[in-house]
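First comes the structure, then the notes that go with it.
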Amino acid sequence: MMPMDVDIAGRNAETFPALHVWGWEIAAYLFLGGLAAGLLILSGWMHRREAPEKLSPALAWLAPLLAPAVLSAGMLALFLDLENKWNVWRFYTAFRWSAPMSWGAWILALVYPASLLFAWAAWSESGPAGKRGVTGAPFPLRRLIAGLNIACGVALGVYTGILLGALGARPLWNSPLLGPLFLLSGLSAAAALLVLLEKDHEWRHRLARLDVRLIAAEAAVLALFFLALLTGGQAQRAAAELFFGGPYTAVFWTAVVFSGMALPVWLERLEKKGRVAHSAVAPALVLFGGLALRAVLVFAGQTSSWEVLL
Amino acid sequence: MPRYGMAIDLRTCMGCAACVVACKVENRVDEDAFRCRVTQRSRGEFPNVQLEILSERCNQCSDAPCVWNCPTGASHHAGGGVVLVDESRCTGCKACLAACPYDARFINSRGVAEKCTFCLHRVKEGLEPACVSTCPSRAMIFGDLDDPSSQLARTLGVRRHRALKPEAGTKPNLFYLE
C-alpha cells in the first residue's frame, strides 16, 4: 500500500514558528564569507605570481582591503543570528572537533587577523602613491603572507559549505559537494566584484574571462550535487525535487541558474565579441546569483527532511 | 548508570494530548512552544486509510547529532543518557535545531535551545516524567533500558516496536509499541 498523503500536525515552522531555524542572516554570512574567501584567494594567488608593479590596483590592494571589510559584515550577520548574544564568547572557550560550527568560529579567528595583515601589507606596497602608509616597496614575507591568505581563504570558503553539509538531518544539505560548490561560487563572486572595481581594460577582461571559467566549474559541481541527490534514496530524491517541480523550482532556475550564471556568461561572450559595451550588469548579476544560491539552499534545506519515508 | 528510555503504546494512546499539557505545566514551557507534541499522519488509499497518532518528543539519541554539532559543548549527555542543554554555554546558534532529524528543539524566550529532558529533575526524586505519570490511558512506559527487570525492558522484549527514523542513524531511545 503506497502512502497517498501524509499530513502532519504541529511539527514544522509553518505551524509553530518556534521551530524556525535559520533566516536571512545565515544566507548573508555564507555569501559574504564566500566572497571574502574569494577575494583573499584571487589576490593572494596574484601576489604570488606577479611582481607588484605588474598587478592591477583592484587585485593589488583593493581586494585585500575589501576582504576584511566584507568579512566584518558577514560576521555581523552571524552575530545577529545568535539568539543568546551575551554568550558569543563561549565559541572561544571550547573547541569541539565534531562540530563544524566550532571549526568555523576558530577559522574566523585565524582568517580575520591574517586578512588584516594582508590588507596592511598590500596597501603599503601598492596603495595610491602619496597616500598615508604607502611605501611602494614590496612587503616583507610577501609570498608567505599571500600563501597564508590563500590557505585561509580556502578554509573559509570550504567551511561555509561544510557547515550545512555536515547536517545529516537535512538530506538536501547532507552533501560533501556543498564545500567545493560554495568555494567556487565565492571565487566567482569575488572575480565579479573585481570586474566591477577594475579600471584597467586589459585586467578587467582577464578577470571577466576567469569568472566565466569559475561559473562553468560551479555549474559542473552544481550538476554533480543534483546528480548525487537524484540517484540517492527516497529522502535525497525528495530533496532534489524541491528544485525540480517543488516549491523552489521557479526561484532556483530563474534567480540562481538563469540570472546568476547563464545570463552573465552570455553577456560576457557578447562583450568579448564586441557586440555589447562593457557594463556593470554581468558582474552585478553574478553577485546576485551568489547570494541567491546561498539563500535558496539555506531556506530549501530546512524544509527537506527524512519525513518522506514515513 | 541507567540508560533511560521510553515506550509509547500505539494501541492504547488515544492522542488526547494530556502529555503535552502536563509537560507545559511541569516545565513552564513558553506560550508558543512545546517540548512534547501529538502529531497525526494519515496514509493509504480509500477505503484502506490509516490514521496514526504519535506523541512525540526528543528521542534522547545515544548518537545525538545535536550534541556533536554543538560548537560550545552546551548540548551534552547527562546522567542516564539524557541529552540536556547547559544554558550558561548556549549561544543560540541553532546548529542543534538544524541537526535534529526529529525537530525536537526550539529556541525559548531566553534565547537558548530547549527540549525534553525526560523530566530528569523528577526522575532523580524517584518520580516518573510528567507526561508518563499523567497519561490517562497508561500508554507510556518510562524506565531503564539496561535493567532487564524494568517494565520497559520487559515490554520491549515481548512487544513488537519501532523507533522513528532509525535510518537517520542516531540510535533513538524512544520506542512505539505496535
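The values are calculated or read from the model by the stated rules, or taken from the named source; none is laboratory data. All of these numbers come straight from a predicted model, not from anything done at the bench. Using ideal geometry, Cβ is built from the backbone for each residue, glycine included, and neighbour counts are taken over all protein chains shown. When the accessible area is computed, the model is the full protein with side chains, heavy atoms only, and any ligands, DNA or RNA have been set aside. Shrake-Rupley method; radii C 1.70, N 1.55, O 1.52, S 1.80 Å.
Here are the numbers for the structure shown:
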quantity: Farthest positive-ward along chain A dipole, Cα basis, beta-carbon charges - from A:ALA216, A:LEU110, A:LEU141; calculated: A:LEU141
quantity: Estimated inter-spin distance, B:ASN48 and A:LEU196, nm [label 7 Å along Cα→Cβ]; calculated: 5.8 nm
quantity: Quotient of Cα Rg and 2.2 N^0.38 Å for region A:129-177, N being how many residues it contains; calculated: 1.95
quantity: Directionally averaged shadow of region A:107-205, computed from the convex hull of its alpha-carbon atoms, nm²; calculated: 8.2 nm²
quantity: Taking the convex hull of Cα positions in region A:200-310, its mean projected area over all directions (nm²); calculated: 7.4 nm²
quantity: Cα-derived Rg over Rh, computed across region B:1-111 with Rh taken as Kirkwood radius; calculated: 1.02
quantity: Test item: Cα-centred dipole of chain A, Lys/Arg +1 and Asp/Glu -1 on Cβ, debye; calculated: 980 debye
quantity: Computed label-point distance, nm, for sites A:LYS131 and B:THR12 using a 7 Å Cα→Cβ extension; calculated: 7.7 nm
quantity: Solvent-accessible area buried by pairing B with A, both sides, nearest 100 square angstrom, 1.4 angstrom probe; calculated: 3800 Å²
quantity: Whole-percent carbon and sulfur share, accessible surface of region B:50-128, 1.4 Å; calculated: 53 percent
quantity: Under 5 Å, built H, 5+ apart or other chain: amide partners of B:PHE175; calculated: B:MET6, B:ALA7, B:ILE8
quantity: Residue-by-residue Karplus 3J(HN,Hα) for region B:126-141, coefficients 6.51, -1.76, 1.60, Hz, glycine and proline x; calculated: x, 8, 8, x, 4, 4, 5, 6, 8, 4, x, 9, 6, 7, 10, 10
quantity: Computed E for A:TYR92/B:SER149 - FRET, C-beta separation, R0 51 angstrom, nearest 0.05; calculated: 0.60
quantity: Heavy-atom accessible surface of chain A: percent carbon and sulfur, 1.4 Å; calculated: 69 percent
quantity: Those residues of region A:273-310 for which accessible area with every protein chain present is at least 40 Å² below the isolated value (1.4 Å probe); calculated: A:TRP306, A:LEU310
quantity: Extension reserve of the A:LEU110-A:LEU270 stretch, reckoned as 0.36 nm per residue once the Cα distance is removed; calculated: 53.5 nm
quantity: For chain B, Cys with no neighbouring Cys Cβ under 4.7 Å; calculated: B:CYS13, B:CYS16, B:CYS61, B:CYS70, B:CYS90, B:CYS93, B:CYS100, B:CYS119, B:CYS135
quantity: The protein assembly as shown, helix-only ellipticity at 222 nm - DSSP H runs n ≥ 4, -39,500 (n - 2.57), divided by all residues, nearest 500; calculated: -15000 deg cm²/dmol
quantity: Choice from B:PRO47, B:PRO148, B:PRO71 with maximal GNM fluctuation in chain B (Cα, 10 Å cutoff); calculated: B:PRO47
quantity: Cα shape, region A:141-249, gyration tensor, a/c 1.5 rule; calculated: oblate
quantity: Spin-label model distance (nm) - B:SER62 vs B:GLU125, 7 Å beyond Cα toward Cβ; calculated: 3.1 nm
quantity: Cα-based Rg / Dmax (Å) for region B:31-178; calculated: 16.3, 53
quantity: Highest average packing first - B:90-98, A:262-270, B:121-129, Cβ atoms within 10 Å; calculated: B:90-98, A:262-270, B:121-129
quantity: Under Karplus coefficients 6.51, -1.76 and 1.60, residue-wise ³J(HN,Hα) of region A:243-249 in Hz, glycine/proline x; calculated: 9, 10, x, x, x, 9, 4
quantity: Residues A:GLN234 and A:HIS278, FRET efficiency given R0 of 51 Å [Cβ-Cβ distance, rounded to 0.05]; calculated: 0.60
quantity: Per residue value of the accessible surface for the protein assembly as shown (all protein chains in place, 1.4 Å probe), Å²; calculated: 44 Å²
quantity: For the protein assembly as shown, average projected area of the Cα convex hull in nm²; calculated: 26.3 nm²
